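Step one of this worksheet: look at the structure below.
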Amino acid sequence: MRNKRLRLPRRLRFTREGKYFFWLTVGIGLGAVNTGNNLLYLLLGMLLSLIIVSGILSNVSLKSLHIQRHLPQRMFAETPCLITLTISNKKRYFPSFSIEIEDRIEGHQKSKKCYFLKIGPQQEQKTAYRLELPRRGEYTFQEVTISTKFPFSLFVKSRVIQLEQTCLVYPKLMPILRPPMGRHLFQQGQQPHAERGQGNNFFMLREMQPGDELRWIHWPSSARTGKWQVKEFEREHRPQAHLLLWNVAPDTLNTEEATRYIDKSIDLAASFAYSYISHGHPVHFATAEQTFPVLHTEQELDQLLRQLAVLSPHQPTSPNRKSPHMVVVLPEHSPAPSLPPSVRQIRVPSPWPATEG
């Protein structure tokens, strides 16, 4: 378990105006002590009272505030998404003013900030900020910092709430106008099979059964036989796509470089799989070390994307599945696997060219 640093429940720092105010108060205090002037003592008391009131009211504003973070179901690399923050004021009578929320992500230099002018007692408000993460993988949202300058903007008082949350960022989905294997899939189109299904070509007539839709009634046959007759259609067959992601990196790269080396190939392979399934084509997907079950639905695609999000480089081996219609996606300088000549290879530019060892 990761060690956490001990933090004070409240943190305080000066604003620029607060620094001027502080040194002005110190100067008036020194003048009052040296001269004994009652007017200076009166002015010093007023300035000190403003500091005390500022501390009390800022504490009241930060008290009993609860934060919730809501992540989207899917997050893709290099794609903006919305992170929703919900803040609740659990105080019974006092509102909170000028609340700023700062959300931090591990490994992400820039924190995200949201602002609330007023949160009434026993009320909650929501806001969202745009987030774009650069790479696939697992990210951890860390603590949330709540701060306020209320009431006089002399100090920024803040409170840290531990709100760790892990998310999985899927590979980037690129727009694919026409996936590969166009002749095999998209020119062939939907082929009717001599079986009942939900296609467009007529198959046969049969008597109407409970649950049949009225729009499929064949009126001439129904009038001739005296019984309700409905139309059935042939099942349409959609050609299957075969994708092989060759996630192999040169031995000359370290672990981090090798992972970055295959990132673009993973993005392209995931984009192809998404495009095929969007067109209704089942997908046979495999990597250098694993073969996945045939993908038909977006739920099954989601399971594939989760595994591709954390996929690591693999040593060269022989593919478990070979098809003459297979499309192989591999990094630009990786050695290609032994496959039939009809297999189409798509090489993706990578950030590190292979070097001779």
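Each peptide in 152-161, 293-302 gets a packing score, the mean of other Cβ atoms within 10 Å over its residues, and the list from highest to lowest is 152-161, 293-302. Close amide H pairs (under 5 Å, H built 1.01 Å from N) link VAL248 with HIS314, residues at least 5 positions away or on another chain.
Charge tally for ARG74 (other residues, Cβ to Cβ under 15 Å; Lys, Arg +1; Asp, Glu -1): -4. Straight-line cross-link reach from LYS113 at under 30 Å between alpha-carbon atoms covers these lysines, not counting any fewer than eight positions away in the same chain: LYS4, LYS19, LYS63, LYS90, LYS91, LYS126, LYS149, LYS157, LYS172.
Quote to one decimal, in nm, the extra length available between SER338 and ALA128 on full extension: 0.36 nm per residue of separation minus the C-alpha distance between them. Net length gain for the segment: 70.7 nm. About the centre of its Cα atoms, region 241-348 shows a dipole size close to 360 debye [charges on the beta carbon of Lys, Arg (+1) and Asp, Glu (-1) only; nearest 20 debye]. With viscosity set to 1.002 mPa s at 20 °C, what whole-number translational diffusion coefficient in µm²/s follows for region 39-112 from Stokes-Einstein and a Kirkwood radius over Cα pairs? D, rounded to a whole number, is 133 µm²/s.
Each reported figure results from applying straightforward, stated rules to the coordinates on display, with no laboratory input. The structure presented is a predicted model; accordingly, all values stated were derived computationally and were not measured. All Cβ positions, glycine included, derive from the backbone under ideal geometry; neighbour counts span all protein chains shown.
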